[in-house]
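Down below is the structure, laid out as structure tokens.
Rule-based calculations on the coordinates, nothing more; no lab input. Computed from a prediction, not measured in an experiment: that's the story for all the values here. Note: ideal-geometry Cβ built from the backbone for every residue, glycine included; neighbour counts use all protein chains shown.
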Amino acid sequence: MEDMFRFADELGPFKIIHIYEPSVDLRAILVVDNIARGPALGGVRMAPDVSAEECFRLARAMTLKNAAADIPFGGGKLVIYGDPRMPQEKKIQKLRTLASALRYTKEYIFAPDMGTDEFCMACIKDEIGRAVGLPCGAGGIPLDEVGATGWGLAKSTEVALQYCDFELNGARLVIQGFGAVGMHAARFLTSSGAVLVGVADSRGSVYNPDGLDVDALIRLKNEGKSVHDYPEGRKLDRDAVISIPCDIWIPAARPDIINESNVHLLNTKLIIEGANIPITEGAEKLLYEAGILYVPDFIANAGGVICAASEYQGATRHAAFEAIEEKVRNNTAQVLEAAKTKGILPREAAVQLAVERVKQAMEYRRWSIFSSAPDFS
């Protein structure tokens with residue numbers, strides 16, 4: 001009993017569902033964390049090394065992110081064991097099977113995440129009619145294609161710079177993870193004057209203190225190549241990106257990339273957390289003590305979920321981007337100002353903001369964590 005409820009606290013999780021179908025080699029875990037504010041909106045992540053603990057941590061991050069973004073959704077996460085580079089036919093078969101298995105779990109709304117994309121969401125929508133992050137042809141706002149999360153990171157950076165001693169124009173930028181989030185963050189920030197000097201993906205890093213061509217890097221990725229194939233600059237191993245000197249460092253890949261054992265290698269002034277839980281809490285405390293400012297993940301990278309919520313509510317792409325800018329800028333300012341005035345970590349300030357909003361919603365429910373009303377009305 002203790003092991004089964006080891007993740008439980010006053011906020012959740014409401015449900016942990018284990019999904020298994022051997023005929024298609026499907027193994028997955030869904031965590032519906034807290035749905036006091038509305039149905040759980042959270043991405044479908046596919047990787048060989050996912051776990052129940054990672055799923056819970058990501059689901060809780062979504063509860064906090066959605067509350068901090070002040071959208072009417074709770075938090076959840078779905079992880080699938082598997083290599084996202086598997087043949088497309090096999091991948092879609094798994095996803096359709098998964099969707100069917102969760103047909104009546106209506107408190108969870110599917111969304112894209114690492115290892116899944118708009119096409120995957122279109123297949124799930126076709127199967128059960130409950131997904132966001134759809135392609136344009138299916139009536140959606142394709143989050144990865146338009147760069148919703150990257151747009152939010154850029155807006156968060158602009159606000160965070162008000163608490164730094166340098167400006168965006170000419171600032172040296174390094175991005176760890178040059179996928180759908182990282183490449184758009186690079187595109188938006190360099191268009192405002194930042195200089196991308198270092199970047200990494202799963203196959204390596206490249207560094208050029210004089211600057212990297214973002215468009216050329218994007219073309220390489222679209223051709224299925226690595227940033228390591230970029231012809232100019234120093235080619236480094238994947239983890240070397242941590243120690244590249246810069247003004248702004250953006251982790252936009254996997255969880256716990258920065259921890260207590262390597263945080264001392266960072267050579268930056270500002271960190272904008274693009275990935276979910278990319279830095280351990282212990283490492284964040286060390287950053288704070290070293291005077292390095294950071295914006296927590298669920299504040300900085302909320303652009304994607306704000307866009308998804310806007311899509312679900314029938315908004316246009318233009319309206320979604322306006323909502324992202326307004327909400328991310330306001331929340332970044334609230335968190336950093338609270339951290340400064342109270343003398344607490346930005347993570348503490350962010351959690352306080354989000355938890356206060358979740359608990360306020362819980363006060364109006366018959367049961368605290370979930371609603372018994374049809375369709376969470």
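In the frame of its principal axes, the range 112-171 has Cα extents of 51, 17, 16 Å, reported largest first.
Tell me the chymotrypsin sites (Phe, Trp or Tyr not before Pro) within the range 344-376 that lie in a loop according to DSSP and have at most 14 other beta-carbon atoms within 10 Å. Don't skip to the end; give the middle numbers.
Working: sites: 364, 367, 370, 376; in loops: 364, 367, 370.
For chymotrypsin sites (Phe, Trp or Tyr not before Pro) across the range 344-376 that sit outside H, G, I, E and B with at most 14 neighbouring Cβ atoms in 10 Å, the list reads 364, 367.
Only bridges whose two residues both fall in the chain count here: according to DSSP, what percent of them are antiparallel, nearest 5?
Values: 21 of 48 bridges.
Percent antiparallel among DSSP bridges in the chain is about 45.
Taking a sphere under 12 Å around the Cβ of residue 96 and counting the other residues whose Cβ falls inside, with K and R at +1 and D and E at -1, yields a net charge of +1.
The slack between residue 90 and residue 162, meaning 0.36 nm per residue of separation minus the straight C-alpha distance, is 21.1 nm.
The calculated FRET efficiency for the pair residue 210 and residue 367, based on their C-beta separation and a Förster distance of 56 Å, comes to about 0.45. Cross-link partners among aspartates and glutamates for residue 155, C-alpha distance below 14 Å, same-chain residues fewer than 8 apart left out? Output for residue 155: 167, 273, 297, 322, 325, 326. The order of 184, 264, 318, going from fewest to most other C-beta atoms within 10 Å of their C-beta, is 318, 264, 184. Taking GluC sites (Glu not before Pro) across the range 281-321, none is in a DSSP loop with at most 16 further Cβ atoms lying within 10 angstrom of its Cβ. Helix 317-342 and the longest principal axis of the C-alpha atoms of the chain enclose an angle of approximately 70°. Exposure proxy ranking for 215, 297, 33, based on other Cβ atoms within 10 angstrom of each Cβ and starting from the fewest, stands as 215, 297, 33.
With both labels modelled 7 Å from their Cα along Cα-to-Cβ, the residue 322 to residue 83 distance reads 4.6 nm. Averaging Cα coordinates gives a centre for the range 320-355 and one for the range 268-283; these two points are 15 Å apart.
Could you line up 362, 114, 86 from fewest to most neighbouring Cβ atoms inside 10 Å?
Least to most surrounded, the residues fall as 86, 362, 114.
Could you tell me what a quarter of the Cα convex hull surface of the range 212-334 works out to, in nm² with one decimal place? Please report the intermediate quantities before stating the final value.
Details: hull surface 37.3 nm².
Its average projected convex-hull area is 9.3 nm².
Cα-based radius of gyration for the range 269-350, normalised by 2.2 N^0.38 Å, reads 1.20.
Over all alpha-carbon pairs in the range 1-95, figure out the percentage whose distance exceeds 20 Å. Present the calculation step by step, with values, prior to reporting the outcome.
Values: 1743 of 4465 pairs.
Counting pairs separated by more than 20 Å, the tail of P(r) holds 39 percent.
Computed from the C-beta positions of residue 191 and residue 267 and an R0 of 25 Å, the FRET efficiency is 0.50 to the nearest 0.05. Restricting things to alpha carbons, find the Rg to Rh ratio for the range 31-160 using the Kirkwood radius for Rh. Expressed as Rg/Rh, it is 0.96. Hey, which of these cross-link pairs are over 30 Å Cα-Cα: 94/285; 90/235; 285/359? Going by Cα-Cα distance, 94/285; 90/235 fall outside the 30 Å limit.
With 30 Å as the cut-off, how large is the P(r) tail for the chain, expressed as percent of Cα-Cα pairs? Counting every Cα pair in the chain, those more than 30 Å apart make up 35 percent.
For the chain, the longest principal axis of the C-alpha atoms and the axis of helix 148-160 are separated by about 50°. From the phi of every residue in the range 135-144, what ³J(HN,Hα) in whole Hz does the Karplus formula 6.51 cos²θ - 1.76 cosθ + 1.60 yield, where θ is phi - 60° and glycine or proline is x? These are the phi-based 3J(HN,Hα) values: x, 4, x, 9, x, x, 10, x, 4, 6 Hz.
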